[in-house]
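**Q** There's a structure below that I have some questions on.
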Amino acid sequence: MKSKLYILFLALTCLTSACKKLDIAPKNVIQDPDVFSTPGGIDIYMARSYSELPIEDFRYSPERGFNNFWIISPFSALTGEALSRDQTRAMPENFNTDPNNESNFWAMSYKLIRETNYFIEILPKYSANFTEAQVNNWTGEARFLRAATYFALVKRYGGVPIVEKVLSYPEQTVEELNTPRASEEAVYDLVAADLDFAIAKMSESSVAGRANKYVAAAFKSRAMLFAGSIAKYNKVNLFDGDKNLVCGIPAAKANTYYKASYDASMLLDGKYSLYKKAWAANDQEAQYQNFVNLFFDVASPENIFVKQYNYPNTVHGYDAYNVPRQLMGGNGYSSELNPTLDYVELFDGFPKNLDGTIKTLDANGNYVLYNNTLDIFSSAEPRLRATVILPGDVMKGESIEIRRGIYTGSPAGGIKKFVAENSTSNYPTTNIVQSANANQTPYKLPNGQLMNPAGKSGVFTAEGTAAVSGFSIRKYLDPNMPTSEVLENHSDQTWIELRYAEVLLNRAEAAFELNSSGLGGVNYQQQAFTDINQIRERAGAALMGSPVDLTIDVIRKERRKEMGFENKIWWDLKRWRILDKEQNGKIYRTLMPFYVADAGKYILDARLDERNVRYTFDPRWYYEQIPAGEIAKSNKIIQNPGY
Amino acid sequence: MKKIILYLSFCMLIAGSSSCKKYDNYPEPAETLTGSVTDIASGKGVQTETGSGTRVKLLELSWNDTPTPYYFYSEQDGSFKNTKIFKGNYKISVEGPFVPLVQNNASGTVTVDNSQVLNVAGTSHVDFKVEPFLNVEWVGEPVYNAMAGTVTASFKFSRGTANPAYQLDITDAYLFESPFPYVGNNNKDDRYSNQVSYSGASGSALLGQTINITTKDKLPAKTTLYFRVGARVAYGLNYYNYTEVKQIIIP
């Protein structure tokens, strides 16, 4: 009996077990076939990669890194474009140096590079599910993303390890995986090769926020211009033990890269155009409105590559942090970005001294009296008005009142400058009433009316939440957002990462550099001239008369005016290798309006920043410090010079 | 009861036998390295700033050929002393406002290498004779202008190297002022320190001539201040060459 039981047991175990596979993929983890079998799956994969793409947008600051909501130390306050209460020194990207910080850029980038490499390797296995055009397009897209990431790395660190395959551990040994830094040139060449692939294989159009052939071309014009500038202007070289030039590019390569930038920008010719929907010739008001609208029209023919936001799912706080003080929202933030007088003086259309500084004194050295603070700017370049809120100009239907104080002395015989030129000392207290903060005590004017010493948007002596430079930012501020909605994490305007104006500026610069190094074949000088004049015409600025007026400074100045406050200028100043010369104990200038009580008029005082904020750019920062943790991980990663 | 004793003895066994006493199996760094960076021409120490000027680079060769470098900064006068160095075989060089000790050609081949290889044990000493980019020297004593409350410094600079590759344009000269003797570009009082910039070759035209720079604003009274002049060429990390520090008692 017992033996029968054993037989039955044996039969049951031997015959009925092992019918199902035990080695199955976990059901709660999404598998490759789930993702790579439908276009929807690919979209999801791409959406994640795009969200990690290092774009210095509304959610980036050099203090806190990418995808951070708290942008109170704005990027533009590192370059002399703006002054900010919370950014009071020059610095490199700070989020980068903390070895334990998950947001350290180096580690973050290689995650995204792995994702793109994985995509490139896996997609062909599932190509039967798609058309050839789709596979080509997506492969190109992945290589665009990889190029953008390597470009973000190389512009920070110089040469970095090149990883073009998915690395597997423990299948591969540590020795195999330990990759040294490639030369800076090799990384730029990889960026170029990836973008060339994308240009060749991708379709001509895409949904907003995703790359296509022309996005890749525009991006290439940017990246190659960087490479050319490094080759031409960089002075710091670093070789590793194997004679790889990890910092620096041989000067002989400059023209190759400038030419690559130039050629890439030509691909966009006729495909995009400058935004001129509300523009009208000889109409400053229309040109002003057109430049404001440029940043809000989703159908703008100028937008090449954008990053979209959508309340309440993906949001930022640009409006809440940057509106003028008098339009402050419920979170109590405002006025983080206050354009410097140095930035305003780049533009034309108001009285200037011979050295290009604003002229607010008469021939005797006395202040000129104005009826209101905006008078001097009445015929200023429309692009300036659209970028900067000038004191007294209108925003959201309100006149933005910026006033430093009230002068109570007599205007008879003229008012002399309050503080000496190039002095950072505070204003004297005799004959000047001022306010420490927004809780003001009104001053009784001679005509009996009451007036607050400072304007509604500042400037206060002890509170930084005000127009500390005498100006406030307008670019990208939503002109229609009600103050009740001006809150953190409530804005959702689109970030324009690449617009056609930049491509024109890239081309003008590359063309000029090629022309000045004597390269013929094309009339580069004429091309640069046409491009710059296109930008100027749209901006409402005076056109250049002749190509021979072009200098490298004209082109760079145009770039600073056009691209100001778009988080690009810091990189430009770095690749031109001029930031250490510009910021050497530099104090930026401000414009302080005063009301003259006895005259009922305004005076404007141009002076150095009263807060005495100094900027000194350390030349080491041209190549950022590689996080110490990354150096410690590998004996093959060498640190950049000086750290 | 028996159980408790068992547990207790188990705990004691764990506590008593684990975690030993030694924290490390390698002797602590106890060797001393001293040295100096001197001008090959004058034999004087090459003046620099503390904490961001001349620094010593140590490569410990005992374990591999490409070690992670260990750096420390020299004193203001170019001398250095570090009493916490691991015993070992080091390749030592210095980086600062002078012709680099290790030079590459354009293809990355090391053409000049004046590093020194040294077994550091006990107290070891190493001297580097270098060619500073510039020699910056006082001309007379800095003068206090009682009326204006400023200090005027007279100085001159000259080339410290005959190597034409390092005879670059002088970008600026700077009179540094600080209430502390460790005065320099990284430790200066911006209200009074004064910088004079030279564009193009205009600085080179002043080589060997006496130059005056005056502090910017009225200095505070009844205090002791320290002054120093720096000048630099645009090379590498734009280090300054300095004069020695002078102390002035402001009445």
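The values are calculated or read from the model by the stated rules, or taken from the named source; none is laboratory data. Note that the structure is predicted; figures quoted are calculated from it, not measured. For neighbour counting, all protein chains shown are included, and Cβ atoms are generated from backbone atoms with ideal geometry for every residue, glycine included.
**Q** Is it true that some residue in the range A:202-214 is part of a helix (DSSP H, G or I), among the small types (Gly, Ala, Ser) and at pLDDT 95 or above?
**A** Looking for residues that are part of a helix (DSSP H, G or I), among the small types (Gly, Ala, Ser) and at pLDDT 95 or above, one finds none in the range A:202-214, hence no.
**Q** Turning to a different aspect of this structure: Criterion first (in contact with a Phe, Trp or Tyr (Cβ under 9 Å, 6 or more places away or on another chain) and in a loop (DSSP other than H, G, I, E, B)) does A:Ile249 satisfy it?
**A** Spelling it out, A:Ile249 is indeed in contact with a Phe, Trp or Tyr (Cβ under 9 Å, 6 or more places away or on another chain) and in a loop (DSSP other than H, G, I, E, B).
**Q** From B:Ala146, B:Ala162, grab the single residue that is away from chain A (no Cβ under 13 Å), over 20 Å from the mean Cα position of the chain (by Cα) and more than 30 Å from B:Thr214 (Cβ to Cβ).
**A** Answer to the selection: B:Ala162.
**Q** Just checking, which of A:Lys271, A:Lys243, A:Lys235, A:Lys220 is surrounded by 19 or more Cβ atoms within 10 Å (Cβ to Cβ) and not small (Gly, Ala, Ser)?
**A** Being surrounded by 19 or more Cβ atoms within 10 Å (Cβ to Cβ) and not small (Gly, Ala, Ser) holds for just one of A:Lys271, A:Lys243, A:Lys235, A:Lys220, which is A:Lys220.
**Q** Tally the residues that are within 14 Å of another protein chain (Cβ to nearest Cβ) and more than 15 Å from the chain's Cα centre (by Cα), restricting the search to the range B:232-251.
**A** Count: 3.
**Q** At least 3 residues that are closer than 23 Å to B:Glu31 by Cβ in each: list the strands (runs of 3 or more DSSP E) lying fully within the range B:114-165 that qualify.
**A** B:116-120, B:123-130
**Q** Now for a different question. Output the residue which, of all residues in the range A:574-619 that are β-branched (Val, Ile, Thr) and part of a strand (DSSP E or B), is farthest from the other protein chains (Cβ to nearest Cβ).
**A** If we take residues in the range A:574-619 being β-branched (Val, Ile, Thr) and part of a strand (DSSP E or B), then A:Val596 is farthest from the other protein chains (Cβ to nearest Cβ).
**Q** Being within 10 Å of chain A (Cβ to nearest Cβ) and among the aliphatic types (A, V, I, L, M), is that true of even one residue in the range B:215-224?
**A** No, there is no match, as no residue in the range B:215-224 is within 10 Å of chain A (Cβ to nearest Cβ) and among the aliphatic types (A, V, I, L, M).
**Q** Turning to a different aspect of this structure: Might you let me know whether the range A:248-258 holds any residue that is under 23 Å from the mean Cα position of the chain (by Cα), away from chain B (no Cβ under 14 Å) and not hydrophobic (A, V, I, L, M, F, W, C)?
**A** yes
**Q** For the list (1) on the phi < 0 side of the Ramachandran plot; (2) among the small types (Gly, Ala, Ser); (3) out of contact with any Lys or Arg (no Cβ under 8 Å at 6 or more places or on another chain); (4) surrounded by fewer than 19 Cβ atoms within 10 Å (Cβ to Cβ), I need the number of the one condition that B:Gly122 fails.
**A** Every listed condition holds for B:Gly122 apart from (1).
**Q** Take the range A:372-398 and flag every residue that is closer than 22 Å to A:Phe460 by Cα and surrounded by fewer than 16 Cβ atoms within 10 Å (Cβ to Cβ).
**A** Passing the criteria: A:Asn372, A:Val394, A:Glu398.
**Q** From A:Ala148, A:Ala107, A:Ala142, A:Ala133, which residue is hydrophobic (A, V, I, L, M, F, W, C), over 19 Å from A:Pro33 (Cα atoms) and crowded, with 22+ Cβ neighbours inside 10 Å?
**A** That would be A:Ala148, the only listed residue that is hydrophobic (A, V, I, L, M, F, W, C), over 19 Å from A:Pro33 (Cα atoms) and crowded, with 22+ Cβ neighbours inside 10 Å.
**Q** Within the range A:190-215, how many residues are buried (at least 16 other Cβ atoms within 10 Å of the Cβ) and either touching a Phe, Trp or Tyr at 6+ places or on another chain (Cβ under 6 Å) or closer than 17 Å to A:Ala152 by Cα (or both)?
**A** 8
**Q** Restricting the search to the range A:30-56, which residues are closer than 18 Å to A:Asn136 by Cβ, of a type in the set (Val, Ile, Thr) and surrounded by fewer than 18 Cβ atoms within 10 Å (Cβ to Cβ)?
**A** A:Thr38
**Q** For the range B:215-251, give me each residue that is closer than 21 Å to B:Ser199 by Cβ and touching a strand residue (DSSP E or B) at 6+ places or on another chain (Cβ under 7 Å).
**A** B:Lys216, B:Val229, B:Gly230, B:Ala231, B:Arg232, B:Val233, B:Ala234, B:Asn238, B:Tyr239, B:Tyr240, B:Asn241
**Q** Moving to a separate point now. I'd like the full set of residues that are in a loop (DSSP other than H, G, I, E, B) and not hydroxyl-bearing (Ser, Thr, Tyr), limited to the range A:397-415.
**A** A:Gly397, A:Ile400, A:Glu401, A:Ile402, A:Arg403, A:Arg404, A:Gly409, A:Pro411, A:Ala412, A:Gly413, A:Gly414, A:Ile415
**Q** Do the conditions hold for A:Trp571, that is, is it more than 14 Å from every other protein chain (Cβ to nearest Cβ) and over 30 Å from A:Glu175 (Cα atoms)?
**A** It is true that A:Trp571 is more than 14 Å from every other protein chain (Cβ to nearest Cβ) and over 30 Å from A:Glu175 (Cα atoms).
**Q** Out of A:Asp43, A:Asp57, A:Asp34, report the one residue that is in a loop (DSSP other than H, G, I, E, B) and not aliphatic (A, V, I, L, M).
**A** A:Asp57
**Q** With the structure loaded, tell me whether B:Phe86 is of a type in the set (A, V, I, L, M, F, W, C), surrounded by fewer than 18 Cβ atoms within 10 Å (Cβ to Cβ), free of Cβ contacts under 8 Å to residues at least 24 places away in the same chain and more than 24 Å from B:Arg159 (Cα to Cα) or whether it fails that test.
**A** no
**Q** If you don't mind, another one. Please work out which one of (1) loosely packed, with under 15 Cβ neighbours inside 10 Å; (2) in contact with a strand residue (DSSP E or B) (Cβ under 8 Å, 6 or more places away or on another chain); (3) within 30 Å of B:Phe227 (Cβ to Cβ) is the condition B:Met147 fails and give its number.
**A** Only one criterion in (1) loosely packed, with under 15 Cβ neighbours inside 10 Å; (2) in contact with a strand residue (DSSP E or B) (Cβ under 8 Å, 6 or more places away or on another chain); (3) within 30 Å of B:Phe227 (Cβ to Cβ) is unmet by B:Met147, namely (2).
**Q** I'd like to check which strands (runs of 3 or more DSSP E) are fully inside the range B:11-90 and have at least 1 residues that are at pLDDT below 85 and within 14 Å of chain A (Cβ to nearest Cβ).
**A** none
**Q** Please work out if B:Lys188 is under 20 Å from the mean Cα position of the chain (by Cα) and closer than 23 Å to A:Ser425 by Cβ.
**A** Taking the combined requirement at face value, the residue satisfies it.
**Q** If I ask for residues that are surrounded by fewer than 16 Cβ atoms within 10 Å (Cβ to Cβ) and either among the acidic types (Asp, Glu) or away from chain A (no Cβ under 14 Å) (or both), which ones from the range B:191-213 would you list?
**A** Those that are surrounded by fewer than 16 Cβ atoms within 10 Å (Cβ to Cβ) and either among the acidic types (Asp, Glu) or away from chain A (no Cβ under 14 Å) (or both): B:Ala201, B:Ser202, B:Ser204, B:Ala205, B:Leu207, B:Gly208, B:Gln209, B:Thr210, B:Asn212.
**Q** A:Pro312: in a loop (DSSP other than H, G, I, E, B), at pLDDT 95 or above and not basic (Lys, Arg), yes or no?
**A** Criteria not met by A:Pro312.
**Q** Let me ask another. Quick one: is B:Thr243 more than 30 Å from A:Leu238 (Cα to Cα) and in contact (Cβ under 8 Å) with a residue 60 or more places away in the chain?
**A** Criteria not met by B:Thr243.
**Q** Starting from the range A:629-643, take each residue that is at the interface with chain B (Cβ under 9 Å from one of its Cβ atoms) and at positive phi and list its partners that are assigned to a helix (DSSP H, G or I) and among the charged types (D, E, K, R), counting only C-beta distances under 7 angstrom and pairs at least six apart or across chains.
**A** A:Gly642/A:Arg620
**Q** Of all residues in the range B:170-190 being more than 12 Å from chain A (Cβ to nearest Cβ) and not in a strand (DSSP E or B), which is surrounded by the most Cβ atoms within 10 Å (Cβ to Cβ)?
**A** B:Val183
**Q** Give me a count of the residues in the range B:91-117 that are within 18 Å of the chain's Cα centre (by Cα), within 11 Å of another protein chain (Cβ to nearest Cβ) and of a type in the set (Val, Ile, Thr).
**A** Result for the range B:91-117: 1.
**Q** Let me ask something additional. Can you tell me which residue in the range A:615-643 is surrounded by the fewest Cβ atoms within 10 Å (Cβ to Cβ), limited to those that are within 19 Å of A:Pro62 (Cα to Cα) and among the aliphatic types (A, V, I, L, M)?
**A** Checked the range A:615-643; the qualifying residue surrounded by the fewest Cβ atoms within 10 Å (Cβ to Cβ) is A:Ala628.
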